[in-house]
Amino acid sequence: MVTFVDAESKSRRTAGVIPIHGEAGFKGMRKAGRLTAEALDLLVDAVVPGVTTAALDKMAYDFARDHGAIPATLYYKGYRHSVCTSINHVVCHGIPDERPLREGDIVNIDLTLIVDGWYGDSSRMFAVGDISRKAERLIEVTYESLERGIAAAKPGNTTGDIGAAIQQFAEAERTSVVRDFVGHGVGQLFHDEPNIMHFGVPGTGVPLKPGMIFTIEPMINLGRPHVKILADGWTAVTRDRTLSAQAEHSIGITETGCEVFTLSPRGLFNPLAARR
C-alpha cells in the first residue's frame, strides 16, 4: 500500500508514505543540487595520479564550509568524511584515506551537500590519467544507464519502468546491475521514500507523480552483480573483484517529465566525455 502526502506534513521516513513537493521544494533542491554539482566540478582537475582521496575529501569539505553548506555524510551514522571515494572494484561507500590514486584507476566520488535544509545528492566517475578501454566502456555504459533511467522518470510510468530501462540496457551491454543498493527519495530528509531499484519489470512498483523527488544512482559491474561489505562496515566491493562504476543524479518529477537538480554547471558531469 502506497500513500502520497504533502511533503510539508512529513518529518521522518515512513514506509510506503511518499512526499509530494511543491515549488518551494523544487526551489530548495535546485539550490542544493547546483552547489553539489559545483563542488564535484571543482574536483575534476584535482583527480590526478598521486592525489590522495583524503585530499579530495578535504577539498569538498572546504568548499562546503566556504559556501555555507554541510556535507551530509559527515558524522552520519558514525561516518567521518565529507565524500565517499570508491576506487576500481569498490562498488560504493569507499572511505577516503592517504593512499595516492594511481594511473589507470577509476574512482566514483559521491557527495551530498545540505543547503538551507535541502539535500543535493550526486556522484560521478573520474578517470585517473589514462585508463583501460574496458574501464572506459564500463563508465560509458553506466552513464547511459543513468540517462535511460532518467528518460523513464515521468508521470504515468512507475519506479519499475526506471529499473527496467536501466537493467535492459546494462545487461544488453554484457554488464550487470548491483541489486544491494538503490536510489531513494530525497529532499529535507537524506533518505526517504520511495526506493528506486535499478532493475525491475515495466509497469510495476510505485506510480510516478509530479512532485516526487528522488535519486537514480545505478551501480554497474563488469562482472557479476554480487557484492560484499568489508570489515569497516561501509566499503562495498565486487565479490569477483571486477570493476564497478556508478553515476547519480537527484531529480524531481514534473507534469511532463522530470527535472535534474544536479546537472554540472560546467558540463563536466561525465568527465570522460568532457575531456574528449
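Descriptive notes on the structure:
- Among the protein heavy atoms of the chain, carbon and sulfur supply 52% of the accessible surface, probe 1.4 Å, non-protein parts ignored.
- Environment charge of Ser9, counting only residues whose C-beta is closer than 14 Å and scoring Lys/Arg +1, Asp/Glu -1: -1
- Taking amide H as placed 1.01 Å from N in the peptide plane, the amide H of Ile20 sits under 5 Å from that of Val5, Asp6, Ala7, each at least 5 places away or on another chain.
- Here the chain carries DSSP beta bridges of which approximately 90% are antiparallel, counting only pairs with both residues inside.
- Working value for region 55-211: equivalent-ellipsoid semi-axes of 27, 23, 12 Å, each the square root of 5 times a Cα gyration tensor eigenvalue, largest first.
- With R₀ fixed at 45 Å, the C-beta to C-beta distance from His226 to Val48 puts the FRET efficiency at about 0.90.
- The stretch between Asp66 and Glu23 holds 12.8 nm of extra length on full extension. This uses 0.36 nm per residue minus the Cα-Cα distance.
- Between amide H atoms placed 1.01 Å from N, distances below 5 Å from Ile216 occur with His249, Ile251, all of them 5 or more places distant or on a separate chain.
- Descending by average beta-carbon neighbour count within 10 Å, the peptides 31-43, 95-107 line up as 31-43, 95-107, the highest first.
- Chymotrypsin sites (Phe, Trp or Tyr not before Pro) within region 43-134: DSSP coil, no more than 13 neighbouring Cβ in 10 Å: Tyr75
- Hits among lysines - C-alpha to C-alpha of Lys77 under 24 Å, sequence gap 8 or more where chains match: Lys10, Lys58, Lys228
- Heavy-atom accessible surface of region 13-116, averaged per residue, reaches 44 Å², computed with a 1.4 Å probe.
- Proximal charge balance of Leu113 [Cβ under 12 Å; K/R count +1, D/E count -1]: -2
- Using a simple spin-label model with pseudo-atoms 7 Å out from Cα toward Cβ, Ser132 and Lys77 lie 3.1 nm apart.
- Distance (nanometres) between label positions extended 7 Å along Cα→Cβ at Val2 and Glu98: 4.9
- Along region 207-219 the Karplus relation, 6.51 cos²θ - 1.76 cosθ + 1.60 evaluated at θ = phi - 60°, assigns HN-Hα couplings of x, 8, 10, x, x, 6, 10, 7, 9, 10, 8, x, 10 Hz to successive residues, with x for each Gly and Pro.
- From the C-alpha gyration tensor of region 1-122, square roots of 5λ in Å: 31, 16, 12
- Where labels lie 7 Å past Cα in the beta-carbon direction, separation of Lys58 and Thr14 in nm: 4.5
- Of the GluC sites (Glu not before Pro) found in region 241-276, those that fall in a DSSP loop while having at most 10 other beta-carbon atoms within 10 Å are Glu255.
The values are calculated or read from the model by the stated rules, or taken from the named source; none is laboratory data. From a predicted model like this one, the values you see are computed outputs, not experimental measurements. Positions of Cβ are backbone-derived with ideal geometry, glycine not excepted, and every protein chain shown enters the neighbour counts. Accessible surface is based on the protein model in full, side chains and every heavy atom, while ligands, DNA and RNA are left aside. Shrake-Rupley method; radii C 1.70, N 1.55, O 1.52, S 1.80 Å.
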